[in-house]
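Working notes, structure below.
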Amino acid sequence: MNLQAASKDQLSAWEQELSAAYRTAQGKKLNLDLTRGKPSAEQLSLANALDGILNGDYSANGVDVRNYGGLDGLPEVRKLGAEIMDVPVENVLAGGNSSLTLMHQTVLVAAYFGLQGEASAWHNKGTMKFLCPVPGYDRHFSVCEHMGIEMVTAPMTATGPDMDQVEKMIAEDANIVGMWCVPKYSNPTGVVYSDDTVQRIAKLAKIAGEGFRVFWDNAYAVHDLVDEPVALASIHEASIAAGTEDSVIQFASTSKITFAGAGVAFMAASESNLKGIKHALSFMTIGPDKVNQLRHVKFFSENGALQAHMKKHAAIIKPRFASVLDHLQAAFGDSELGKWESPEGGYFISFDTLPGLAKDVVRMAGEAGVKLTPAGATFPYGKDPQDSNIRIAPTVPTVEQVDAAMEIFVLCVKLASVRQALAK
Ligand SMILES: Cc1ncc(COP(=O)(O)O)c(C=O)c1O
């Protein structure tokens, strides 16, 4: 479908044809949902053996995990975090069930208490800003809004954030105190940051204002859908080599490995950052849920257990991703009506319509029984300046449901695009 080259008559003919197909789709009264970036019940069931795994034995190397204490988390579960994040265990802290909580707490501490003493608190600078690659993860943006941090954006590319732009913005504005990064299977574009991007991010602290921190949210570190995934370069090693170790704080969790609501969250940071965080954490908690931490240690105790477990997730998710990508390729592979990446892991596929159409497509799909994440959700303040990005989350519906939903999705994109061209 080449809209540029099409005559008015041709466009009108397409509009009538697509409208008829759309009305037929509406008549089916479907109820499908591509909004939820969470594991399906089938995936969650892969970890059901967590229940009862302790079998009455609450001891972890002599520690009674039922009791208070151990702010760092159990040493054995920190090893699991170290494996997921590919960092030394001494840099890892294991917390409760949510890495988002750890991120929120870390931003709070850095902003208002200081990671390295009160004088280092970002709020001393007056205005605090975060650099947000877009499209990105809406909950990162909500943390900033909640904390009174202004957000500035740089576009994502196929190799990660546009680093020329990122470096320029950071060098020119010392009030940019932090940057969000989802380096592997980014939410929502699915992109893995290239080696060059990782190296350049590790060096940002050299040109940034005092106290700058990269929030390296590696939520999809082990969530590969292919047998030979692209390796993510180590930001830990790159930051040590650059002498910027204090500028990177990493996060991960087992939310999309075991139970999304009852996993274990991790952070990895330099000794000095950990000291700052733990000082603040000591006012918030007497220690994390070590019973759940020990359950995870037992669940993944065998060598290779984590990798074997993730392959089971991949087997469930892969056909859903394949369905989305096949539909997009068949409908738009040879046209300008949409752009997307083909992620080899993670939870999302991100689709860009022609400018000005995302809201229309989401509304039209909704009126034909397919719920999509609201347009704009992947941008700070819910505002996509191009009105073109739509996040597709295919893990929860069945493959047949994804198929049916994608048929309607591509129909809505085509119809909205043709109507836009006719209106010009
Ligand atoms: C990039 C990213 N980070 C963090 C989370 C949430 O992690 P957690 O469940 O550990 O709080 C998600 C969930 O969708 C995510 O996509």
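The values are calculated or read from the model by the stated rules, or taken from the named source; none is laboratory data. Small disclaimer: the values here were computed from a predicted structure and weren't measured. Positions of Cβ are backbone-derived with ideal geometry, glycine not excepted, and every protein chain shown enters the neighbour counts. All accessible areas refer to the heavy atoms of the entire protein, side chains included, with ligands and DNA or RNA removed. Shrake-Rupley method; radii C 1.70, N 1.55, O 1.52, S 1.80 Å.
Inspect all residues belonging to region 344-355 and state whether any of them is modelled with pLDDT of 95 or more and farther than 30 Å from ASN218 by Cβ.
Yes, that holds for at least one residue.
Determine which member of the set GLU42, GLU17 is surrounded by fewer than 17 Cβ atoms within 10 Å (Cβ to Cβ), under 32 Å from the mean Cα position of the chain (by Cα), modelled with pLDDT of 95 or more and among the charged types (D, E, K, R).
Selected residue: GLU42, the only one of GLU42, GLU17 that is surrounded by fewer than 17 Cβ atoms within 10 Å (Cβ to Cβ), under 32 Å from the mean Cα position of the chain (by Cα), modelled with pLDDT of 95 or more and among the charged types (D, E, K, R).
How many residues are part of a loop (DSSP other than H, G, I, E, B) and either within 16 Å of the ligand (Cβ to nearest atom) or not charged (D, E, K, R) (or both) if we restrict to region 227-266?
19
Of the residues HIS123, HIS104, HIS140, only one is at pLDDT 95 or above, within 12 Å of GLY211 (Cα to Cα) and in a helix (DSSP H, G or I); which?
Of HIS123, HIS104, HIS140, the one residue that is at pLDDT 95 or above, within 12 Å of GLY211 (Cα to Cα) and in a helix (DSSP H, G or I) is HIS123.
Given the criteria open to solvent by less than 20 Å² (accessible area, probe 1.4 Å), under 14 Å from ASN273 (Cα atoms) and under 15 Å from the mean Cα position of the chain (by Cα), does PHE212 qualify?
No, not satisfied.
Here's the yes/no breakdown for (1) open to solvent by 10 Å² or more (accessible area, probe 1.4 Å); (2) in contact with a helix residue (DSSP H, G or I) (Cβ under 8 Å, 6 or more places away or on another chain):
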residue: ARG363; (1), (2): yes, no
residue: ALA368; (1), (2): no, yes
residue: PRO374; (1), (2): yes, yes
residue: ALA377; (1), (2): yes, yes
residue: TYR381; (1), (2): yes, yes
residue: ASP387; (1), (2): yes, yes
residue: ARG391; (1), (2): yes, no
residue: VAL396; (1), (2): yes, no
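I need a count of the residues in region 143-172 that are surrounded by 16 or more Cβ atoms within 10 Å (Cβ to Cβ), part of a helix (DSSP H, G or I) and away from the ligand (no atom under 16 Å from the Cβ).
Of the residues in that region, 5 qualify.
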